[in-house]
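K.L.:
There's a structure below that I have some questions on.
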Ligand code: GAL
């Protein structure tokens, strides 16, 4: 690097040159020139391949490609072949040698050119050229004059263009480098993508900047408003609703009886700044005061509980370039799933996202564009966070974060960044922020031991026991008692937990119970909102598309599908994890007490009473509705619980169901739905529900066992036919069947495949659980059935599972049903050192798809530690629809605690009854095929319907990043007996 090198800015640590000071993002009625659209583009291989005179206005670029601005250039050409470079994914590691601030000379560099017209009369004398996001470093020329350069990919950069902009044709040239010194500060766990990925415009500078301070005093109900304006001329403030008209913005104005802003009631007051020159700047003012009171996080005088998610910006075809519709979709999906908070991991989002948070109501932890995690593997040696040479870059990033987003009431906390170790530059950034904005708190997880520069004690991925200790203020002490005392006085937050990779997370209910039990715990944010899968297709007509992850673009180093760990699938379809989270965090808890015929409603809202909800009840007898209606529940204040007696119609429905004696379980469900439209969902949208069994099922029909008899080389047991030597069921009625046999393998889920302390799936494979052999030891027909004894064990192992299958059959002449019962008794022997993946029986039927109807919890999949969202009812689906398309295929689709199911293939029906319950998974491919698949399009129907009837599964946990299942959800190899009944017939 030297001063004469025109490209020295790429590697120097300077955050940029020639830029204007950072300021708030706002709209005004002054004219603007939007520069989004097609630009001329050329991708240079590196600094040795630049186009010499590309910045000169007359340069002939007609032979260059056209590229959309904004876009990430590596995403061009998808879902087919990427046209410029390719996306690359790493989590912690830098994809180049760690030698700060140097980056590879083979540094893909996009050369962008755009000619545009400035209309006559455009006030060029105060024109500013604005870039809202360029990854990772860039230099800019307007009409051949170099304006400066910038870094800080997710931050706004502005240049004064008063001297260069002219009426008529102007030519803008921008050189964007994939790698720069800035890349060392931008090691977030995500795809490496480059380019001008957010909007570019020319705007007019009138009102320069302003800072709205709108506080709320909960003791008096007063609001205080003061707007600090920087402008070349006098500016007045109007907020007509508050009686403020053409007033001095500085105020302060004390407003009696103001309605405060909150996630639940995002009250915005419309205002306006009007300059002497006539410029109008609309304001949306939300009054709120954030404070720590006695170690508790409060807003407007009341504790808040964050039910949040970490959100990266992602779209499977455009990467980190999002339309406003996509941002809105995220906000609405969050609100519709009871989410009330978002951490903008790990950079400031497109500014429009924060407008939507203000409008619809989400608490925001707005995070700086900073992560240096790739220094950790080197023991944090040369970490920029503690190197004075990087101080200016840190302060620059902090200032640009705060200045741009300081006027959003939704933003209650500034987060310095993520996983950047500790050091003086972080402390300096925190100091700067504290001086600039005393209305918000400061967060940074990496400082959790000393909490020297933060206002919140933040942790990620700790288990529930440790969380409970934190809640009690009893987390493990550090070496410094003063640090401990300071930290223990702070509210605590889980900035990341519940790693939503693949099937999971399990255990969310356990976390929520602990969070709600301790005022110190301000809640947390699930990791993360959306899978960053990239849509690819394997053929021209896109018939077989799939979501790509790390390694799918031939990256030299990558972290596989760790990039797909969200609550939404890449196309924004909610995953079962999101449905579970919605239930776990519901802000209203409904419980039903059948013994005392009462319903209780507990309101966990921050400020809202339950008056905005309608309550409804339904009673179902074996899944058939036997009554429903409205339930009147008095409006319940936040924090309060109301109990109501079952009204007469509910009691009458139960009494008549009882009289009716269907023999089925009777369930009462009460749900709370929106009484009227909200901005984020329509009337009728469900917020919360509770359910209870109000009458049990009667005992099953008596069973008169038939003898097993040898016939034509087979063993016959009623309508069932078994192989005489192996005891295998071959035929039941006119249904051809293979199996059932004891089965313990599951296609490892991501939480099995990864995990600190050695992934469980490795231990399973080392033990041989994926290659268990089934050895028949005896087949004994008798006068009341058939006993088959066997042992399941892998080659080379001295442990195994003894199994006794006891078959009994009976025919019911009255109903025409043939019934067949299987009791499976499992006895482990030898040294078992691993939990079982699952314990059940597996069988298959001919068919490529089938209708499935069941009574039990549903409609979605559920597992022992992720089952809050499943409610008992009667459901109908198909085998195809019951597959959950996790980006990397893995065990999925289990219906938990099914009472009975009916599987109907093209021409046959099989009924399955649990004794009393059985877990049911149905698939058009085998577990072996599911285990082998890397992507969804690898899965091919094999002409069989595979049924898994499980006694139990190992829990899901969150071990891909965090703890495994809690002890009660571990499936130990212990003796077990479980039964299931099959029937077929009319
Ligand atoms: C955290 C990190 C996130 C993400 C997550 C794992 O340590 O802050 O960015 O990498 O782990 O998915």
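The values are calculated or read from the model by the stated rules, or taken from the named source; none is laboratory data. This is a predicted model, so every value here is computed, not measured. Ideal geometry is used to build each Cβ from the backbone, glycine not excepted, and the neighbour counts take in all protein chains shown.
K.L.:
Does residue 390 satisfy being more than 16 Å from the ligand (Cβ to nearest atom), touching a residue at least 60 places away in the same chain (Cβ under 8 Å) and not assigned by TED's automatic domain parsing to the domain that holds residue 350? Break it down into steps so the answer makes sense when it comes.
P.N.:
Numbers: more than 16 Å from the ligand (Cβ to nearest atom): yes; touching a residue at least 60 places away in the same chain (Cβ under 8 Å): yes; not assigned by TED's automatic domain parsing to the domain that holds residue 350: yes.
Spelling it out, residue 390 is indeed more than 16 Å from the ligand (Cβ to nearest atom), touching a residue at least 60 places away in the same chain (Cβ under 8 Å) and not assigned by TED's automatic domain parsing to the domain that holds residue 350.
K.L.:
If you don't mind, another one. So residue 597 ticks every box in (1) under 24 Å from residue 968 (Cα atoms); (2) away from the ligand (no atom under 15 Å from the Cβ) but one. Which box is left unticked?
P.N.:
For residue 597, the exception is condition (1).
K.L.:
Could you grab me the full set of residues in the range 11-40 that are within 35 Å of the chain's Cα centre (by Cα) and in a strand (DSSP E or B)?
P.N.:
Across the range 11-40, the qualifying residues are 16, 34, 37, 38, 39.
K.L.:
Right, next: Cβ-Cβ below 7 Å, separation at least six or inter-chain, first residue in the range 44-55 and surrounded by fewer than 15 Cβ atoms within 10 Å (Cβ to Cβ), second assigned to a loop (DSSP other than H, G, I, E, B): which pairs?
P.N.:
Note: pairs meeting the criteria are 45/106; 45/108; 48/105; 53/59.
K.L.:
Conditions: (1) surrounded by 15 or more Cβ atoms within 10 Å (Cβ to Cβ); (2) under 28 Å from residue 678 (Cβ atoms); (3) out of contact with any helix residue (DSSP H, G or I) (no Cβ under 9 Å at 6 or more places or on another chain). Residue 559 meets all but one. Number of the miss?
P.N.:
(2)
K.L.:
Of all residues in the range 476-503, count the ones that are out of contact with any strand residue (DSSP E or B) (no Cβ under 7 Å at 6 or more places or on another chain), away from the ligand (no atom under 16 Å from the Cβ) and assigned to a loop (DSSP other than H, G, I, E, B).
P.N.:
Of the residues in that region, 6 qualify.
K.L.:
Quick check: is even one residue across the range 529-547 in a helix (DSSP H, G or I) and not assigned by TED's automatic domain parsing to the domain that holds residue 754?
P.N.:
no
K.L.:
Can you tell me which residues in the range 647-682 are under 13 Å from residue 594 (Cα atoms) and touching a helix residue (DSSP H, G or I) at 6+ places or on another chain (Cβ under 8 Å)?
P.N.:
Scanning the range 647-682 gives 666, 668.
K.L.:
Report yes if some residue within the range 953-966 is free of Cβ contacts under 8 Å to residues at least 24 places away in the same chain and more than 16 Å from the ligand (Cβ to nearest atom); otherwise report no.
P.N.:
no
K.L.:
Name the residues in the range 544-581 that are more than 22 Å from residue 86 (Cα to Cα) and in contact with a strand residue (DSSP E or B) (Cβ under 8 Å, 6 or more places away or on another chain), would you?
P.N.:
So in the range 544-581, the residues more than 22 Å from residue 86 (Cα to Cα) come out as 566-568, 572-581.
Residues satisfying the conditions are 566, 567, 568, 572, 574, 575, 576, 577, 578, 580, 581.
K.L.:
Condition (residue is within 30 Å of residue 166 (Cβ to Cβ), surrounded by fewer than 17 Cβ atoms within 10 Å (Cβ to Cβ), more than 16 Å from the ligand (Cβ to nearest atom) and at pLDDT 95 or above) applied to the range 106-115: is it met by at least one residue?
P.N.:
Yes.
K.L.:
Does at least one position in the range 65-82 carry a residue that is within 16 Å of the ligand (Cβ to nearest atom), buried (at least 17 other Cβ atoms within 10 Å of the Cβ) and over 19 Å from residue 132 (Cβ atoms)?
P.N.:
Within the range 65-82 (the criterion being within 16 Å of the ligand (Cβ to nearest atom), buried (at least 17 other Cβ atoms within 10 Å of the Cβ) and over 19 Å from residue 132 (Cβ atoms)), the answer is no, since none of the residues qualifies.
K.L.:
Turning to a different aspect of this structure: With respect to residue 199, determine if the residue is surrounded by fewer than 24 Cβ atoms within 10 Å (Cβ to Cβ), more than 16 Å from the ligand (Cβ to nearest atom) and within 29 Å of residue 529 (Cβ to Cβ). Write out each step before concluding.
P.N.:
Details: surrounded by fewer than 24 Cβ atoms within 10 Å (Cβ to Cβ): yes; more than 16 Å from the ligand (Cβ to nearest atom): yes; within 29 Å of residue 529 (Cβ to Cβ): yes.
Yes: the conditions hold for residue 199.
K.L.:
For residues that are part of a strand (DSSP E or B) and either surrounded by fewer than 19 Cβ atoms within 10 Å (Cβ to Cβ) or in contact (Cβ under 8 Å) with a residue 40 or more places away in the chain (or both), tally how many sit in the range 239-268.
P.N.:
7
Residue-by-condition table, conditions (1) within 16 Å of the ligand (Cβ to nearest atom); (2) over 30 Å from residue 565 (Cα atoms); (3) touching a helix residue (DSSP H, G or I) at 6+ places or on another chain (Cβ under 7 Å):
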position	(1), (2), (3)
92	yes, no, yes
97	no, no, no
103	no, no, yes
117	no, yes, no
128	no, yes, no
138	no, yes, no
154	yes, no, no
159	no, yes, no
170	no, yes, no
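K.L.:
Checking residue 473 against (1) over 24 Å from residue 316 (Cα atoms); (2) within 16 Å of the ligand (Cβ to nearest atom); (3) assigned to a loop (DSSP other than H, G, I, E, B): exactly one of these is not met. Which one?
P.N.:
Of everything listed in (1) over 24 Å from residue 316 (Cα atoms); (2) within 16 Å of the ligand (Cβ to nearest atom); (3) assigned to a loop (DSSP other than H, G, I, E, B), residue 473 misses just condition (2).
K.L.:
From the list 181, 262, 201, 236, pick out the single residue that is within 30 Å of residue 97 (Cβ to Cβ) and touching a strand residue (DSSP E or B) at 6+ places or on another chain (Cβ under 8 Å). Working first, answer last.
P.N.:
Details: 262 fails: within 30 Å of residue 97 (Cβ to Cβ); 201 fails: within 30 Å of residue 97 (Cβ to Cβ); 236 fails: within 30 Å of residue 97 (Cβ to Cβ).
It is 181.
K.L.:
Of the residues in the range 442-470, how many are closer than 21 Å to residue 401 by Cα, within 12 Å of the ligand (Cβ to nearest atom) and outside any loop (DSSP other than H, G, I, E, B)?
P.N.:
Qualifying residue count, the range 442-470: 3.
K.L.:
Something else about it: Working only within the range 72-105, note down all residues that are on the phi > 0 side of the Ramachandran plot and touching a strand residue (DSSP E or B) at 6+ places or on another chain (Cβ under 8 Å).
P.N.:
The one that is on the phi > 0 side of the Ramachandran plot and touching a strand residue (DSSP E or B) at 6+ places or on another chain (Cβ under 8 Å): 85.
K.L.:
Just one of 947, 920, 966, 956 is surrounded by fewer than 24 Cβ atoms within 10 Å (Cβ to Cβ) and either on the phi > 0 side of the Ramachandran plot or in the same structural domain as residue 868 (by TED's automatic domain parsing) (or both); which is it?
P.N.:
Matching residue, one of 947, 920, 966, 956: 966.
K.L.:
Can you confirm whether residue 833 is surrounded by fewer than 16 Cβ atoms within 10 Å (Cβ to Cβ), over 27 Å from residue 924 (Cβ atoms) and within 34 Å of the chain's Cα centre (by Cα)?
P.N.:
Answer is yes for this residue.
K.L.:
Just checking, how many residues over the range 152-190 are under 24 Å from the mean Cα position of the chain (by Cα), buried (at least 24 other Cβ atoms within 10 Å of the Cβ) and outside any loop (DSSP other than H, G, I, E, B)?
P.N.:
Here the count works out to 1.
K.L.:
Next up: Counting only residues that are more than 19 Å from the chain's Cα centre (by Cα), assigned to a loop (DSSP other than H, G, I, E, B) and within 16 Å of the ligand (Cβ to nearest atom), how many does the range 337-382 have?
P.N.:
Count: 5.
K.L.:
Evaluate the following for residue 973: is it within 16 Å of residue 744 (Cα to Cα), away from the ligand (no atom under 16 Å from the Cβ) and assigned to a loop (DSSP other than H, G, I, E, B)? Working first, answer last.
P.N.:
Numbers: within 16 Å of residue 744 (Cα to Cα): yes; away from the ligand (no atom under 16 Å from the Cβ): yes; assigned to a loop (DSSP other than H, G, I, E, B): yes.
The answer is yes for residue 973.
K.L.:
Between 320, 280, 288, 311, which is closer than 27 Å to residue 438 by Cα and either out of contact with any helix residue (DSSP H, G or I) (no Cβ under 8 Å at 6 or more places or on another chain) or away from the ligand (no atom under 16 Å from the Cβ) (or both)?
P.N.:
288
K.L.:
Go through the range 413-431 and count every residue that is away from the ligand (no atom under 16 Å from the Cβ), surrounded by fewer than 24 Cβ atoms within 10 Å (Cβ to Cβ) and not in a helix (DSSP H, G or I).
P.N.:
Residues flagged as away from the ligand (no atom under 16 Å from the Cβ), surrounded by fewer than 24 Cβ atoms within 10 Å (Cβ to Cβ) and not in a helix (DSSP H, G or I) within the range 413-431 amount to 1.
K.L.:
Could I ask something else about it? I need the strands (runs of 3 or more DSSP E) fully contained in the range 744-831, keeping only those with at least 2 residues that are modelled with pLDDT under 95 and over 30 Å from residue 567 (Cα atoms).
P.N.:
Here the list reads 800-812, 817-829.
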